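*Asks:* The structure that follows is given in the form of C-alpha cells.
The values are calculated or read from the model by the stated rules, or taken from the named source; none is laboratory data. In this text the structure is predicted, and so the values were computed from the model without any measurement. Note that each Cβ is placed from the backbone with ideal geometry, even for glycine, and that neighbours are counted across all protein chains shown. Accessible surface areas use protein heavy atoms only, side chains included; no ligands, DNA or RNA. Shrake-Rupley method; radii C 1.70, N 1.55, O 1.52, S 1.80 Å.
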Amino acid sequence: MNEPSKRNEPIPARPTRQQVNVNQIFIRSFYRSNGQSHTTTEEQRKRLNKYAMFLSLFPIVFLIMTAGFFYLLLLLLKAKFSAYLLLGIFSVVLIREISTLVFSLRMRKNIIRPLEDLQKGVEEVAGGNYGFTIDEEVPTTISGLFTSFNKMSEQLREGQEIKEKYEQNRKELIAGISHDLKTPITSILGYVEAIDEGVAASEEKMQTYMDIIYKNAKYTNQLIDDLFLFSKLDINQMDYNFNTLLLEDYLTDILVEKKIDLEEQGHKVMWSLDLEDQLEFTIDAKMIYRVISNLIGNAVKYNDKDILELHIGASMDDAENKVVHVTITDNGTGIEESQLGHIFDVFYRADASRNKDIGGSGLGLSISRQLVEAHGGKIWAESTLGEGTTFHFTLRDQQ
C-alpha cells in the first residue's frame, strides 16, 4: 500500500496555562516603585521622554562648558599661571567631558532609544496587537530583553489564535447540537401528535409510526452519548482503563464479530493480521473497539455499492517502540480531496445536508481521532472518489 499522501495533523491540545493579562505587563527594572501604585503608561512615557530630552541636550551643554573652560584658560594665562599646569588641568577636564559626551551618546543609542521601542511594543501588545515584535538584530545593551519580549508577544499571538479556534469550534458545536437534536425531537413530537389525533387508524400504520418514533429516540440517545463522551475527551477528563492483552487475539475477536454482523447484511469482510505471535499490547480495549466500530460504521453508512467489501489489516509499524498500524479499506463512495482534511473535525459530514437518515451524529470520526491520539497514535485517510476510502491509524503500546 502506498504511503499516505497527507496525514491528518492533530488539533493542538487545549492550552492549560493561564492566559496572560497583557494589561498587567510592566517592566520592574526600568521604573522605580516608591511604595505607591504603579504609574500609568502615560506617566511612564513622560518620564522616558524626560530622560531622552535630557540626553539630547547634553551635547549643547558640553559645548557651553567647553567654551567656558577656554575662557577660563585665557583668564588664567593673563594672570601669569604656569602654561604647562593650566594645559594639564585643561586636558584632564577636556578628556573627562569628552568621555562623558561619548558615554551619553552611547547611552541614548543603546538604552534610551531601545527603551522607547520597547515601550511602543508593550503598548501595542496591551492594545491587543499580539505578535508585534521589535527588531532584535540591532546590537544594543538590552537586545536580550528584546528577544524575551518578542518571544512573549509571539506566545500571546499563538495563544490568541488557539483561543479563537476553540471559540469557533464551540460555536460550530452548539450549532451542530442544536440542529441534530431538533430534527429527531421534532419528528417524535409530530408522530406523537398524529397518534394522539387518531391519524394512525390501523394497526399497521400505528406500528409504522411507533417504529419511526423509536428510530428517532434511538438516534437522539446515541447523539447524547456521543456528546457526553466527546465533552469528556475535549476537556481531558476521560478515565482510560489500560490493560495488557494479546493484540492478535483481541483484533480477531472484534473482526469475527463484525464479519458475522456485516455478512448477515450481505457485505463481505476480509482481514490480514501481520503481527508477532503472542504480542502483548497495553491499550484501553473498550475505546479501541469504539474506534474500529466507528470506522467500519462509517464505511457502511457511505457505501453506494450493492455489496460492501471491507479489507482490514494490522501490522507492526515500529517494532522497537511497539507501534501498530491498522488499515480499514472499503469500496464505497469515496471522499473528495478537499474534504479529507476536515472529516475528523467536530460535526463535519461529507453530506452537507446533515441528513440523519445516512446515520451517525457527526462526532464518530472526531471521537476516534481523540481516542487514537490518547494512545500515542495518529489517524488519517486516503480516498479515491467513486472507488473507496482507506482509513489508517496507529497505536502505541501504553505499558
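*Asks:* Starting from 0.36 nm per residue, how many nanometres of slack lie between D196 and E387 once their C-alpha separation is accounted for?
*Replies:* 64.0 nm
*Asks:* Say each of S315 and S293 gets a label point 7 Å from the Cα, pointing the same way as Cα to Cβ; how far apart are those two points in nm?
*Replies:* So the label points at S315 and S293 sit 2.9 nm apart.
*Asks:* Could you give each residue of the stretch 218-224 its phi-based ³J(HN,Hα) in whole Hz, using Karplus coefficients 6.51, -1.76, 1.60 with θ = phi - 60°, and x for Gly or Pro?
*Replies:* With the stated coefficients, the stretch 218-224 comes to 5, 4, 4, 5, 5, 4, 5 Hz.
*Asks:* Describe numerically, in nm with one decimal, the distance between label points set 7 Å from Cα along Cα→Cβ at D304 and at N221.
*Replies:* Between D304 and N221, the simple spin-label model gives 3.4 nm.
*Asks:* Roughly speaking, to the nearest percent, how much of the stretch 201-321's 1.4 Å accessible area is carbon and sulfur?
*Replies:* The value for the stretch 201-321 is 48 percent carbon and sulfur by accessible area.
*Asks:* Hey, if we sort F70, F228 by accessible area with the 1.4 Å probe, largest down, what's the order?
*Replies:* Sorted descending by solvent-accessible area, the residues read F228, F70.
*Asks:* Are any of the pairs K165/K258; K171/K378; K205/K232 more than 32 Å apart by Cα-Cα distance, and if so, which?
*Replies:* From the list (K165/K258; K171/K378; K205/K232), the Cα-Cα distance tops 32 Å for K165/K258; K205/K232.
*Asks:* Work out from phi, with θ = phi - 60° and the Karplus expression 6.51 cos²θ - 1.76 cosθ + 1.60, the ³J(HN,Hα) of each residue of the stretch 240-248, listed in order in whole Hz, and give x for Gly and Pro.
*Replies:* 8, 10, 7, 9, 8, 9, 7, 5, 5
*Asks:* May I ask you to give the solvent-accessible area per residue for the stretch 213-266, in square angstrom, as obtained with a 1.4 angstrom probe?
*Replies:* 62
*Asks:* Taking a ≥ b ≥ c as the square roots of the Cα gyration tensor eigenvalues, with a/c under 1.5 meaning rounded and otherwise prolate when a/b beats b/c, else oblate, which class fits the stretch 165-211?
*Replies:* It comes out prolate by the Cα gyration axes.
*Asks:* Once amide H atoms are built 1.01 Å from N in the peptide plane, which residues 5 or more positions from D284, or in another chain, come under 5 Å H to H?
*Replies:* N243
*Asks:* Report the FRET efficiency, 1/(1 + (r/R0)^6), for E172 and D274, where r is their Cβ-Cβ distance and R0 is 30 Å, rounded to 0.05.
*Replies:* Plugging the Cβ-Cβ distance into 1/(1 + (r/R0)^6) gives 0.15.
*Asks:* Two decimals is fine: what is log10 I(q)/I(0) at q = 0.15, 0.20, 0.23 Å⁻¹ for the stretch 238-348, from a Debye sum with one equal scatterer on every Cα and no solvent?
*Replies:* Calculated log10 I(q)/I(0) at the listed q: -0.76, -1.19, -1.34.
*Asks:* Estimate the FRET efficiency between I95 and D135 by the formula 1/(1 + (r/R0)^6), using the beta-carbon distance for r and 45 Å for R0, to the nearest 0.05.
*Replies:* So the FRET efficiency works out to roughly 0.85.
*Asks:* Additional query: Would you mind getting me the FRET efficiency between K120 and Y71? Use the beta-carbon distance for r and R0 = 30 Å, nearest 0.05.
*Replies:* That pair, K120 with Y71, gives E of 0.10.
*Asks:* Rounded to whole Hz and in sequence order, give me ³J(HN,Hα) for the stretch 373-379 from the Karplus expression 6.51 cos²θ - 1.76 cosθ + 1.60, θ = phi - 60°, writing x for Gly and Pro.
*Replies:* Each residue of the stretch 373-379 in turn: 5, 5, 9, x, x, 10, 9 Hz.
*Asks:* Please give the contour-minus-distance gain from D261 to I212: 0.36 nm per residue of separation, less the Cα-Cα distance, rounded to one decimal in nm.
*Replies:* 15.3 nm
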